[in-house]
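Undergrad: Take this structure first; my questions come after.
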Amino acid sequence: MKKNDIIAGGIFIALGIFIFTQTATYPSLEKGHPGPGLFPNLLAVLFILFGGVLLLKARKSPSSGLIEQEVPSRPKKVTNAFFVLGIIALYVAIVNLLGFLITSAVLLIILMKKLGVNLLRSAVASLVITLFINLIFSKILRVPLPLGILHL
């Protein structure tokens, strides 16, 4: 796991630096309002930060080889990957009908349960994540999210 973390951390840091260098010349808006480079720059900073965390974790982990943990078998990994893709496709198909809040909360609960999270923890986490995203987009950024059946 240590080698994989080092590689992944390096890739994330390199991607963050690349994104940051590409968006550094984006213009800012008048009166100090953030311009089009704000979100890519935030993404770049997060990539660099989390890549650094991965590198630090890999450096601090014992060098005795593999860390003992339950690793899913290859068929289970493939099944989980296709399940995530299916959830994304289902989300796109039904979000306008049911709305962002209902669709996101329900599909996140289903996804977390499939990936092994207990029901209470998945329900609480999905509600918190959904409400947080709704707050950011609808209230702060003023980006309308589909209301679906809640529009009635």
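Undergrad: Do we find a residue being modelled with pLDDT under 80 and assigned to a helix (DSSP H, G or I) anywhere in the stretch 7-18?
TA: The answer is no; no qualifying residue exists.
Undergrad: Sticking with this structure for a sec: Mind listing whichever residues of the stretch 114-123 are among the hydrophobic types (A, V, I, L, M, F, W, C) and under 17 Å from the mean Cα position of the chain (by Cα)?
TA: Correct list: LEU115, VAL117.
Undergrad: Within the stretch 138-150, take every residue that is outside any helix (DSSP H, G or I) and under 15 Å from PRO34 (Cβ atoms) and give me the one that is modelled with the lowest pLDDT.
TA: Taking the candidates together, the pick is LEU141.
Undergrad: Evaluate the stretch 98-105: report whether one residue or more is surrounded by fewer than 16 Cβ atoms within 10 Å (Cβ to Cβ), of a type outside the set (Val, Ile, Thr), on the phi < 0 side of the Ramachandran plot and out of contact with any strand residue (DSSP E or B) (no Cβ under 6 Å at 6 or more places or on another chain).
TA: No, the conditions are met nowhere in the stretch 98-105.
Undergrad: Something else: Among the residues that make up the stretch 129-137, is at least one of them in a loop (DSSP other than H, G, I, E, B) and either over 15 Å from the mean Cα position of the chain (by Cα) or in the same structural domain as PHE39 (by TED's automatic domain parsing) (or both)?
TA: Checked against the condition, which is being in a loop (DSSP other than H, G, I, E, B) and either over 15 Å from the mean Cα position of the chain (by Cα) or in the same structural domain as PHE39 (by TED's automatic domain parsing) (or both), the stretch 129-137 yields no hits at all.
Undergrad: Still on this structure: Using beta carbons and a limit of 6 Å, which pairs, at least six apart or on different chains, have the first residue in the stretch 21-45 and closer than 21 Å to ILE140 by Cα and free of Cβ contacts under 8 Å to residues at least 60 places away in the same chain and the second one assigned to a loop (DSSP other than H, G, I, E, B) and of a type in the set (Ser, Thr, Tyr)?
TA: GLY35/TYR26; GLY35/SER28; PRO36/TYR26; GLY37/TYR26
The values are calculated or read from the model by the stated rules, or taken from the named source; none is laboratory data. Note that this is a predicted model, so its numbers are computed, not measured. All Cβ positions, glycine included, derive from the backbone under ideal geometry; neighbour counts span all protein chains shown.
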